[in-house]
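These notes concern the structure reproduced below.
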Amino acid sequence: MPTIGIIGAENSHTVAIAKTINIDRLVSGFSVTHVWGETPDDAKDAQDRGLIPNIVEEPEDMIGQVDAAIVDHRHPKYHLPAVRPLLEAKIPLFVDKPFCYRLDEGREFLARARELDVPVCSFSVLPKQASFAQLQEDVRELGRIISVVSTGPCDIDSEYGGVFFYGIHQVDMVVRLLDQDITHVQLNRGEQNHTATLYSASGAISTMNLIGEGRVGFHVSVIGEKGRTDRVIGYDENTYLTGVLDFCRMFSTGETDETDGSILTPVAVLEALEKSQESGEKVEV
């Protein structure tokens, strides 16, 4: 049975993934067997709630013990450094969203993964929900996209990477709907709620509503030359299952539908939004 190690335990995703595989047994043939936590308490909590047999002292201690690995920190700056030794050991990797904190780091990592022939993928679970899949199907009837408007929670001053931390969910959806066509961005700061304007080479102009207060879910509107469609992006019964099935399939086959573009374009957009937040100016992606 293929074994998986998870690096990072402060994020709720760790327990959710382990529970989906180890407790609910919704992914045939896999087990989460090792975990590393930011603190001993984090690791023990994940072990207990996810029924993970082993805790390791360092991420590289998983080498030789697992067949694949997941890295899952709240702040993306820790993702790639934590799994670099595992990449060099040719262990397949799922990197939780966002893939990394800096585009150049991500490009170099994926280039090294290709050199070593190691499968790597990364995504937000939002585009994996059935509601988003239905939206994508509906959008195919609209012809050329003129604008995408998304709404969702985001604290642009979060200690876990600012706009990166929760902004990735909207960015990943919008990037996919616009077929990665985003050339410039501008973040428009309010008090607790903000907007981001996204420009496309096609002429499309899009908006993300980054809501910092209240209880807000995710919603997307797409306007095309033949009409518009609107959808609340609701969660599947198990929010994580489709994503877990995706990366476990990659662990088994070495193949993934994700590309350098789908993995890195959201990082490029988020990095440009961070720069725009600092400068107040429109920034090239």
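Results, tabulated for the structure shown:
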item: Single unsatisfied condition, GLU38 versus (1) free of Cβ contacts under 8 Å to residues at least 60 places away in the same chain; (2) within 21 Å of ARG84 (Cβ to Cβ); (3) surrounded by 21 or more Cβ atoms within 10 Å (Cβ to Cβ); result: (3)
item: Filter result for VAL232 (farther than 29 Å from LYS90 by Cα and open to solvent by 30 Å² or more (accessible area, probe 1.4 Å)); result: yes
item: Residue in segment 256-270 that is touching a Pro at 6+ places or on another chain (Cβ under 7 Å) and farther than 30 Å from HIS194 by Cβ present; result: yes
item: From the options ASN193, ASN238, residue that is in contact with a Leu (Cβ under 8 Å, 6 or more places away or on another chain) and without any contact (Cβ under 8 Å) to a residue 40 or more places away in the chain; result: ASN193
item: Filtered residue count, segment 242-252, keeping only those that are touching a residue at least 40 places away in the same chain (Cβ under 8 Å) and surrounded by fewer than 19 Cβ atoms within 10 Å (Cβ to Cβ); result: 4
item: Odd one out for LYS77 among (1) buried (at least 18 other Cβ atoms within 10 Å of the Cβ); (2) out of contact with any Pro (no Cβ under 6 Å at 6 or more places or on another chain); (3) at pLDDT 95 or above; result: (1)
item: Wholly enclosed strands (runs of 3 or more DSSP E) of segment 67-176 bearing at least 1 residues more than 16 Å from GLY8 (Cβ to Cβ); result: 145-153
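The values are calculated or read from the model by the stated rules, or taken from the named source; none is laboratory data. These numbers come from a predicted model, not from an experiment. Backbone-built Cβ (ideal geometry, glycine too); neighbour counts: all protein chains shown. Heavy atoms of the whole protein, side chains included, go into the accessibility calculation; ligands, DNA and RNA do not. Shrake-Rupley method; radii C 1.70, N 1.55, O 1.52, S 1.80 Å.
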